[in-house]
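This report concerns only the one structure given below.
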Amino acid sequence: MEKSRADEELAKIGQVIRKLIDKDLFPWIGANKEPNEENVQRAATVVADRLCGAMSNPIIRNAQEQRQLATIKQWLKNRGYIQVNEDNRTNFDTMDPGTFVFQLNIPVQQEGRAIQVNLPIDAVIAPLRASVGDFPLLIEAKSAGDFTNTNKRRKEEATKVAQLRNTYGNDVQFVLFLCGYFDSGYLGYEAAEGIDWVWEHRIDDLVEFGI
């Protein structure tokens with residue numbers, strides 16, 4: 001790229017950054033002043049904290065999810081359930097009563113599309129008293145370290161349930177397994193979508209769903 005063209009494109013990038021930049025965090029930019037050492041130190045500290053959070057939060061959530069699934073696994077095994085191993089993967093609608101599987105894909109029909117897509121479900125459980133072919137209980141493990149992030153993610157579950165019900169009917173049982181900061185705003189939104197939940201510290205409430 002020619003230098004003149006590079007300067008032109010870099011100037012466009014600079015314009016975008018100036019429009020999006022946090023003026024409270026970088027007050028000298030809007031005022032066209034030179035920042036002092038305190039301004040720079042404060043801005044650098046906040047930016048570093050945000051970057052650290054953005055990188056660490058997904059790692060923490062993944063570790064929390066694995067711990068939640070391990071908790072569900074132990075609880076189910078204590079009640080006589082058998083885990084379907086990786087070598088014997090099955091379809092959700094042919095699971096034997098008293099079995100469970102983690103990270104199972106369930107095909108759903110998306111609105112306006114002719115082809116089916118696979119919807120990953122954290123835990124799929126066929127109750128002990130179920131009949132072969134009965135729709136299993138679907139559990140989505142969710143954890144949150146603060147209230148803000150949950151409000152950004154609450155539509156994910158509603159979308160999943162809508163796709164499942166559009167494909168298999170309104171008898172689909174979809175439950176959230178929650179740990180952490182989920183406030184009344186989040187819970188109210190999920191309840192309005194017909195989604196129930198169980199708190200991790202009250203895992204015995206799963207019996208209310210026929211498990």
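Key figures
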{"item": "DSSP-defined beta bridges in the chain - what % are antiparallel, rounded to 5", "result": "50 percent"}
{"item": "Farthest toward positive dipole pole in the chain [+1 Lys/Arg, -1 Asp/Glu at C-beta], among TYR181, LEU20, VAL124", "result": "LEU20"}
{"item": "Nitroxide proxy distance, nm - points 7 Å out along Cα→Cβ at ASN85 and LEU128", "result": "2.3 nm"}
{"item": "Prolate/oblate/rounded call for segment 58-209, Cα gyration tensor, a/c under 1.5 rounded", "result": "oblate"}
{"item": "Percentage relative contact order, the chain, counting C-alpha pairs under 8 Å, at least six apart", "result": "14 percent"}
{"item": "Footprinting exposure proxy for LEU25, LEU176, LEU51 (fewest neighbouring C-beta atoms within 10 Å first)", "result": "LEU51, LEU25, LEU176"}
{"item": "Full-extension gain in nm, ILE203 to GLU38, via 0.36 nm per residue minus C-alpha separation", "result": "54.5 nm"}
{"item": "Filter on LYS12/LYS155; LYS23/LYS160; LYS73/LYS160 - keep pairs with C-alpha separation over 29 Å", "result": "LYS12/LYS155; LYS23/LYS160"}
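Values quoted throughout were computed directly from the atomic coordinates according to the rules given, and no laboratory measurement underlies them. Predicted model only: the values in this text are computed from it and were never measured. Here the Cβ is made from the backbone with ideal geometry for all residues, glycine too, and neighbour counts use every protein chain on show.
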